[in-house]
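K.L.:
I have a structure here, written as structure tokens, and I will follow up with some questions on it.
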Amino acid sequence: MAQDHCWLTTDRLGLRRFTTTDLGWLSSVYADPEVTRYLGGTKTEAQVKKMLAERILDYYEAHPGLGIWMTIEQATGAPVGFHLINHIQGESIIQVGFGLTRSAWGRGFATEMASALVRYAFLDLELESIAGMASLANVASQRVLQKIGLQRHGERAFPHPAYAAQGPLAWFERRAVEWKAERVPGRLAEC
């Protein structure tokens, strides 16, 4: 993996910004109905191209420090998904989230990198709180959100078209002051 593209690493993973050259890979992820069943369903290449431009690439400049990043397995250099800290669409609330390719399921990658992102959000960005949400049927993602220190606070629905059709979602939150009180801050690993 080209380390100059990586801005955050864990023992096994790295995050890098998406670029326009990632359209093919991202389109293949959003073409898989199993991968996207809890991500709003499959998308055409045109829909992914629009999302890549507006929700990912333009977002980097509009909201420094936040975004959606490609998750890379360091041992192979292969993309295994994406992780994010960004605004819930139509809201001022900042969320942590993730999506992984099938080959990455069950390997602890979601938890490993999402945990590093929560640390980054609270220690580097100095956010006061962070949220997470998952489909009520997506028990695996709910477990990840709990493992990274977020606490379940019932259910919540959002009017934005990206979420409205799903109805209520499992809702998780964590305040930085509580999170920090439970941990001895460490240094983020950098490339």
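K.L.:
Need pairs with beta-carbon distance below 9 Å; first residue within 13 Å of Arg107 (Cβ to Cβ) and in contact (Cβ under 8 Å) with a residue 24 or more places away in the chain and within region 57-86, second among the basic types (Lys, Arg) and assigned to a strand (DSSP E or B); sequence gap 6+ or separate chains.
P.N.:
Correct list of pairs: Thr71/Arg16.
K.L.:
Then there is this: Among residues belonging to region 68-98 that are aliphatic (A, V, I, L, M) and assigned to a loop (DSSP other than H, G, I, E, B), point out the one that is nearest to Thr9 (Cα to Cα).
P.N.:
So the residue we want is Ala75.
Yes or no, residue by residue, for (1) surrounded by 15 or more Cβ atoms within 10 Å (Cβ to Cβ); (2) touching a Gly at 6+ places or on another chain (Cβ under 7 Å); (3) not aliphatic (A, V, I, L, M):
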residue: Gly14; (1), (2), (3): yes, no, yes
residue: Ser27; (1), (2), (3): yes, no, yes
residue: Ala31; (1), (2), (3): no, no, no
residue: Glu34; (1), (2), (3): no, no, yes
residue: Gly41; (1), (2), (3): no, no, yes
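K.L.:
Same structure, new question: Could you tell me which of the residues Arg119, Arg102, Arg107 is in contact with a helix residue (DSSP H, G or I) (Cβ under 7 Å, 6 or more places away or on another chain) and among the basic types (Lys, Arg)?
P.N.:
Arg102
K.L.:
Being assigned to a strand (DSSP E or B) and under 15 Å from Phe98 (Cβ atoms) is the filter here, so list the residues in region 123-168 that pass it.
P.N.:
The answer is Ile130, Ala131, Gly132, Met133, Ala134, Ser135.
K.L.:
Here is a follow-up. Taking the stated definitions as given, is Val177 assigned to a helix (DSSP H, G or I), surrounded by fewer than 14 Cβ atoms within 10 Å (Cβ to Cβ), at negative phi and among the hydrophobic types (A, V, I, L, M, F, W, C)?
P.N.:
yes
K.L.:
Please count how many residues of region 123-146 are over 12 Å from Tyr38 (Cα atoms), surrounded by fewer than 23 Cβ atoms within 10 Å (Cβ to Cβ) and in contact (Cβ under 8 Å) with a residue 40 or more places away in the chain. It would help to see each step written out before you state the result.
P.N.:
Residues of region 123-146 that are over 12 Å from Tyr38 (Cα atoms), as a first pass: 123-132, 143-146.
Still in the running and surrounded by fewer than 23 Cβ atoms within 10 Å (Cβ to Cβ): 123-129, 131, 143, 146.
After this cut, where a residue has to be in contact (Cβ under 8 Å) with a residue 40 or more places away in the chain as well, the list is 123-129, 131.
Count: 8.
K.L.:
Considering only region 23-51, state which residues are under 23 Å from Trp105 (Cα atoms), at pLDDT 95 or above and of a type in the set (A, V, I, L, M, F, W, C).
P.N.:
Leu23, Trp25, Leu26, Val29, Ala31, Val35, Val48
K.L.:
What residue, among those in region 52-71 that are of a type in the set (Phe, Trp, Tyr) and surrounded by fewer than 21 Cβ atoms within 10 Å (Cβ to Cβ), is nearest to Leu125 (Cα to Cα)?
P.N.:
Taking the candidates together, the pick is Tyr60.
K.L.:
Is it the case that Ala104 is aliphatic (A, V, I, L, M), at pLDDT 95 or above and crowded, with 21+ Cβ neighbours inside 10 Å?
P.N.:
So Ala104 does not fit the description; no.
K.L.:
Same structure, new question: When you check Lys49 against the structure, is it out of contact with any Pro (no Cβ under 7 Å at 6 or more places or on another chain), without any contact (Cβ under 8 Å) to a residue 60 or more places away in the chain and outside any helix (DSSP H, G or I), yes or no?
P.N.:
No: the conditions fail for Lys49.
The values are calculated or read from the model by the stated rules, or taken from the named source; none is laboratory data. Everything numeric in this text was worked out from a predicted model, so none of it was measured. Glycine also receives a Cβ, built like all others from the backbone with ideal geometry; neighbour counts cover every protein chain displayed.
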